[in-house]
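Read through the structure below, which is laid out as structure tokens, and then see the notes.
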Amino acid sequence: MDTKLSVNLNKVALLRNQRDVGYPSVTQAARTCIAAGADGITVHPRPDERHIRRSDVRELALMLDVEFNIEGNPEADFLALVHEVQPAQCTLVPDTPEQRTSDHGWDVVADADKLGPVIAALKAAGMRVSLFMDPDPAQMAAVAALGADRVELYTEAYASAFGTSEQARVLQMYVDTALAAVDAGLGINAGHDLTVANLPDFIAQVPQVREVSIGHALIADALWSGLRSTVQAYKGALR
């Protein structure tokens, strides 16, 4: 199974928002990534619009001919936007407005009452639903019971351990979680701090991953190599 690359454009929007001149363009960045071989585009709008704005989400929804993945905490404003634009996939993330970035997955037992109706409504509208999860095999059956289609494995622990004596031990947590997810009937995505260097080992050991969502490292690499070449390099790393 080929693992797809969805490029997160939050950092392009963050740079754009530093000036009132309209560039770099989020939609042009999306076109460049797609032309270079990206399989999808991801955005994670936050309530303060510090990077991706609601207008970006609407513009991308109108122009994309690849899979659109919108991530975020399922509060009322976020869900209204998602139901308005109808992306192919909605990834639910338990972040708070003050967080700089996502830093943990759901506790699906504690959050079941909140997540269950949201997942049902998104699926009824025709969207695939993924939950952002830590590498915890014990939670996979509970995710499936809530009705989610996929999990997005939070990969910061792997990225931090990469190249150290802890790499094999930490990576085994993802291997075990992926097997539990598959046994529960879930698809698997992954993302956070994945790079062109650490992707090959991860995908080799967790080949069940259907999609990775990468933004920070990819856009940082593009400062030196250009966006088109960087997307192609990440596609190569996935192979």
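The values are calculated or read from the model by the stated rules, or taken from the named source; none is laboratory data. These numbers were taken from a predicted model, which means no experiment stands behind them. Counting neighbours? That spans all protein chains shown, and the Cβs are built from the backbone with ideal geometry, glycine included.
Before moving on, here are some points about what is shown:
- Qualifying residue in the range 58-75 (condition: under 13 Å from the mean Cα position of the chain (by Cα), closer than 20 Å to residue 131 by Cβ and aromatic (Phe, Trp, Tyr)): yes
- Residue list for the range 21-43, filter: in contact with a strand residue (DSSP E or B) (Cβ under 7 Å, 6 or more places away or on another chain) and either surrounded by fewer than 20 Cβ atoms within 10 Å (Cβ to Cβ) or touching a residue at least 60 places away in the same chain (Cβ under 8 Å) (or both): 33, 38, 39, 40, 42
- Residue match in the range 87-95 (condition: over 29 Å from residue 25 (Cβ atoms) and exposed (fewer than 15 other Cβ atoms within 10 Å of the Cβ)): no
- Output for the range 22-42, where each listed residue is farther than 21 Å from residue 3 by Cα and assigned to a loop (DSSP other than H, G, I, E, B): 22, 23, 24, 25
- Hey, residue 102 at pLDDT below 95, buried (at least 17 other Cβ atoms within 10 Å of the Cβ) and among the polar types (S, T, N, Q) or not: yes
- In the set (1) more than 21 Å from residue 192 (Cα to Cα); (2) in contact (Cβ under 8 Å) with a residue 60 or more places away in the chain, residue 69 fails one condition alone, (1).
- In the range 138-170, the residues that are among the polar types (S, T, N, Q), in a loop (DSSP other than H, G, I, E, B) and touching a residue at least 12 places away in the same chain (Cβ under 8 Å): 155
Rundown of residues vs (1) more than 18 Å from the chain's Cα centre (by Cα); (2) crowded, with 23+ Cβ neighbours inside 10 Å; (3) among the aromatic types (Phe, Trp, Tyr); (4) at pLDDT 95 or above, yes/no style:
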site	(1), (2), (3), (4)
125	yes, no, no, yes
130	no, yes, no, yes
139	yes, no, no, yes
171	yes, no, no, yes
189	no, yes, no, yes
201	yes, no, no, yes
216	no, no, no, yes
235	no, no, no, yes
239	yes, no, no, no
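- Top-ranked residue in the range 8-57 [being at positive phi and not acidic (Asp, Glu); ranked as nearest to the chain's Cα centre (by Cα)]: 37
- Only one of 231, 196, 206 that is under 16 Å from residue 33 (Cβ atoms), touching a residue at least 24 places away in the same chain (Cβ under 8 Å) and in contact with a Phe, Trp or Tyr (Cβ under 7 Å, 6 or more places away or on another chain): 196
- Within the range 171-201, considering residues that are in contact with a strand residue (DSSP E or B) (Cβ under 6 Å, 6 or more places away or on another chain) and part of a loop (DSSP other than H, G, I, E, B), the one farthest from residue 143 (Cα to Cα): 194
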